Amino acid sequence: MQKIKLENINELLQSMAQIGKVYAPIEKAGQVNYYEWNKDAKLRLDVLNTVKSAKDVFFPQTEDLASFKTEGKEISIQAEKPLDEDFAVFGVRACDVKSFDILDKVFIEENTDEFYKARREHGVVISHACNEPEETCFCTTFGIDASAPKGDIETYTVGDTLYWLPVTDKGKEYSAKLGNILEEADESQVNKQKETIKAIMDKLPLKDVTTQAFGAGKTMEYFDRPEWKELSEACIGCGTCTYVCPTCQCYDIRDYDTGKSIERFRCWDSCMYSDFTMMAHGNPRKTQTERFRQRFMHKLVYFPDNNNGEFSCVGCGRCVAKCPISMNIVKVMKALGGK
């Protein structure tokens, strides 16, 4: 384990930037999201949840795929190439780290998305433990330990010091490139901090939320439950829950006419929208109740059905905090699961 004083963290980030781009939780216009770091950036390691998750680094909200130009009867196609340079993502919380495993199952394990795969191969994930988990957190429901955030490198803030622990071979190779910017440290202070974090997690209001009633093979049990109608009545279909979610992976592909060429891009989409997966005859889910049910059935039943029982939620609490009508996966689980 190594360490550096927080007052020198910009020196650390500068050394990291010499290896490749560094994305970190940075404040802009009063909001904190993952942006590329520079010496003038306002780093916010103290903010627990960025507005959008670190997913945005590996699966961007918008992404160019190809461009098309016509000259007479000739059509030329210029395809975008997957990323081919190393980078690091700094300050990722344990819940967001876990979300990458879920996205890997979607974009790599069955049908490979070359754009996502390239970013995962070139990206080093540097996680950061949660010193003060929020009341909306329930990551322990999904077996996530906020005091051991995993990733390629784990970091911890204890007092005025940042502790640095390479975990994977990729993390160790990256750390070796930093030279002497970090000094050796023992783990005693970090171990104490871990116990403090676990004690906080044990006192959070959502600590008893359980997935026991859900999982693979539950489709027929829950699909026609009458609670769906009541739960969805206030839903306005804004899609906020899907855009702040670290595991939602739905996207649309669109073409944009610039006047000189056609630009093809993909962008995040939401199953909560009335035009989601629109086909010639319309949307297969015509009511908000059906769309609402789809979102939560996918998280709690459909995804586990297809992925050895793993749920498509990491308990980050963003949807709990951001839903404008205060409807979220926790309320759904309690209404349907009885707890």
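We did not get these values from a lab; they are worked out from the coordinates using the rules stated. This one's a predicted model, so the numbers in the text were calculated from it and none came from an experiment. All Cβ positions, glycine included, derive from the backbone under ideal geometry; neighbour counts span all protein chains shown.
Between Lys28 and Lys81, the simple spin-label model (points 7 angstrom out along Cα→Cβ) gives 2.6 nm. Report the Cα centroid-to-centroid distance between segment 1-61 and segment 137-175 in angstrom, as an integer. One Cα centre to the other: 15 Å. Cβ-Cβ distance of Asn306 and Glu134, R₀ of 25 Å, FRET efficiency by 1/(1 + (r/R0)^6): the value works out to about 0.20. Stokes-Einstein diffusion for segment 133-219 at 10 °C, viscosity 1.306 mPa s, with a Kirkwood radius from C-alpha pairs, works out to 103 µm²/s.
Charge tally for Pro246 (other residues, Cβ to Cβ under 10 Å; Lys, Arg +1; Asp, Glu -1): +3.
Charged neighbours of Asn8, selected by a Cβ distance under 14 Å, balance to -1 (K, R count +1; D, E count -1). Restricting attention to segment 215-339, the count of lysine pairs at 8 or more positions apart or across chains with alpha carbons under 17 Å apart stands at 10. Paramagnetic label reach from Ala148 (point 7 Å along Cα→Cβ; backbone nitrogen cut-off under 18 Å): within segment 184-199, residues 187-199.
Per 0.36 nm of contour for each residue apart, how much would the distance between Ala335 and Asp255 grow if the chain were fully extended, relative to their Cα-Cα spacing? Don't skip to the end; give the middle numbers.
On the way: separation 80, 0.36 × 80 = 28.80 nm, distance 4.13 nm.
Contour length minus Cα-Cα distance gives 24.7 nm.
Dipole orientation for the chain: of the candidates Gln288, Ser261, Met1, Gln288 has the Cα lying most toward the positive pole (charges on Cβ; Lys, Arg +1; Asp, Glu -1).
Each peptide in 260-269, 47-56 receives the mean, over its residues, of other Cβ atoms within 10 Å, and ordering these scores from highest gives 47-56, 260-269. Counting 0.36 nm for each residue step from Glu11 to Glu110 and taking away their Cα separation leaves a gain of 31.6 nm.
Compute the Rg to Rh ratio over segment 1-73 from the alpha carbon atoms, using the Kirkwood formula for Rh, and round to two decimal places. Don't skip to the answer; put the middle values down first.
On the way: Rg = 17.2 Å, Rh = 14.7 Å.
A ratio of 1.17.
Restriction of the GluC sites (Glu not before Pro) in segment 1-105 to DSSP coil positions whose beta-carbon has at most 14 other beta-carbons within 10 angstrom yields Glu80, Glu85. Just to be sure I understand, if you calculate Cα extents along the principal axes in Å for this structure, which of (i) 62, 45, 39; (ii) 64, 64, 38; (iii) 79, 41, 34 do you get? Computed from the coordinates, Cα extents along the principal axes in Å corresponds to (ii). Straight-line reach only, C-alpha to C-alpha below 22 angstrom: list the lysines that Lys117 could link to, leaving out same-chain residues fewer than 8 apart. Of all the lysines, those that pass the test against Lys117 - Cα under 22 Å, at least 8 places apart if same chain - are Lys21, Lys52, Lys55, Lys81, Lys98, Lys105, Lys150, Lys170, Lys172.
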